[in-house]
1. Would you pick out the residues in the range 10-19 that are farther than 23 Å from E292 by Cβ and either aliphatic (A, V, I, L, M) or open to solvent by less than 50 Å² (accessible area, probe 1.4 Å) (or both)?
2. Only residues that are of a type in the set (G, A, S) and either without any contact (Cβ under 8 Å) to a residue 12 or more places away in the chain or under 30 Å from D258 (Cα atoms) (or both): list them for the range 206-247, please.
3. If you go through the range 125-139 one residue at a time, how many are in a strand (DSSP E or B), over 18 Å from the mean Cα position of the chain (by Cα) and either crowded, with 19+ Cβ neighbours inside 10 Å or at pLDDT 95 or above (or both)?
4. Any idea which residue in the range 40-52 is nearest to the chain's Cα centre (by Cα), counting only those that are within 19 Å of A192 (Cβ to Cβ) and open to solvent by 10 Å² or more (accessible area, probe 1.4 Å)?
5. Which one of V277, V268, V307 is of a type in the set (A, V, I, L, M) and over 30 Å from G118 (Cα atoms)?
6. Can you tell me how many residues within the range 92-114 are within 19 Å of D46 (Cα to Cα) and among the small types (G, A, S)?
7. Which residues, taken from the range 294-306, are open to solvent by less than 60 Å² (accessible area, probe 1.4 Å) and either over 16 Å from E70 (Cβ atoms) or of a type in the set (A, V, I, L, M, F, W, C) (or both)?
8. Would you please name the residue that is modelled with the lowest pLDDT, looking only at residues in the range 206-230 that are β-branched (V, I, T) and farther than 19 Å from R74 by Cβ?
Amino acid sequence: MHSEIRTLLSSTFGRLLEEQHPAAYARRALPAHHEAQRALWKELVDGGWLEAGSDAFQEEYGPGMLPMGEWAGRALLTLPYAGSAFLARVLQEQAPGAGDVVLDLAAHPAGIRCDRAGDDAGWIDDHGPSAQYLRLSRQDGGWTLARHDPALLEPVQSLDPTVALARLRGPAQAQVGLRDEQVRPALYCHHAFLLAQLTGAAAAALDLAIAHAKEREQFGRPIGQFQAIKHPLVDAWIGLDNSRYAIEAMLRARTEPDAALAALATRVAAASARRAVKLSIQVHGGIGFSWEHDAQLYLKRAYRLAVEAERAAAL
């Protein structure tokens, strides 16, 4: 029964994203204050999906985070759901003082950057002026959670064209110190969800490649029948399946976060995803590089998520 409930939970989340977040939203890099994005965020809030990081949700549906994350990756979700649900919401409710830093998440989705103190890069996804921008920095012996002024963001060029990128500038509007034991469990679940998103984006790209290999003909037969294409596709599929097992192992250890396991899952997922999205471009040939095709969107999203997950694993 638990498995059936988890499947129903993830499929409900998946249908919501399929219906209200088409790839066209990602292509247009819609900000959080756009009417369509506000409608989707309201659905996520009203549906209780921002509670996915809570202890009660994790105890009941924790393994369901994997398919939920994959749906978010497949949808090329441009709203900061992961940071809002698995970090901002959890810290807001469980860490004393964090409620003075984190604004109302129903009105202000939370983009969040996780890094080490002294990191001068400060890059964060720019979701527009209606979002809030948080920075969770590891200090000696603890963490600092800070909120920054959206008006002071400095736009920079992004690898991923579906979400604008900016650099955090200026002093924090509010901040609070947190203990390691307050942050680690939430950060661990957030990390697992990022890896699931990464796997979902790569799986969507691989699905495009497999469909194309079945339809595109050369020398009188579909190109998927040639071993030079068939075998790499199978290898990439197996690699993504291995990623799922690694992420599931992470989720089983979420009550006692295992840094070594998280690092291993990150290496497996990042390597498998990068191989899958690059292969998708190659199988599509010249059209895979074109702006008109979705393959390049998944490639760029996968590379960005891989970098973000690798940074989280190093904290």
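1. S10, S11, F13, G14, L16 - these are the residues of the range 10-19 that are farther than 23 Å from E292 by Cβ and either aliphatic (A, V, I, L, M) or open to solvent by less than 50 Å² (accessible area, probe 1.4 Å) (or both).
2. A211, G220, A228, A236, G239, S243, A246
3. 2
4. Selected residue: W49.
5. Unique residue meeting the criteria: V277.
6. Qualifying residue count for the region: 3.
7. Within the range 294-306, D294, A295, Q296, L297, L299, K300, A302, R304, L305, A306 qualify.
8. So the residue we want is I223.
The values are calculated or read from the model by the stated rules, or taken from the named source; none is laboratory data. Since the structure is predicted, the reported quantities are computational estimates derived from the model, not experimental observations. A quick note on method: Cβ atoms are made from the backbone with ideal geometry, for glycine too, and the neighbour counts reach across all protein chains shown. With ligands, DNA and RNA removed, areas are computed over all heavy atoms of the protein, side chains included. Shrake-Rupley method; radii C 1.70, N 1.55, O 1.52, S 1.80 Å.
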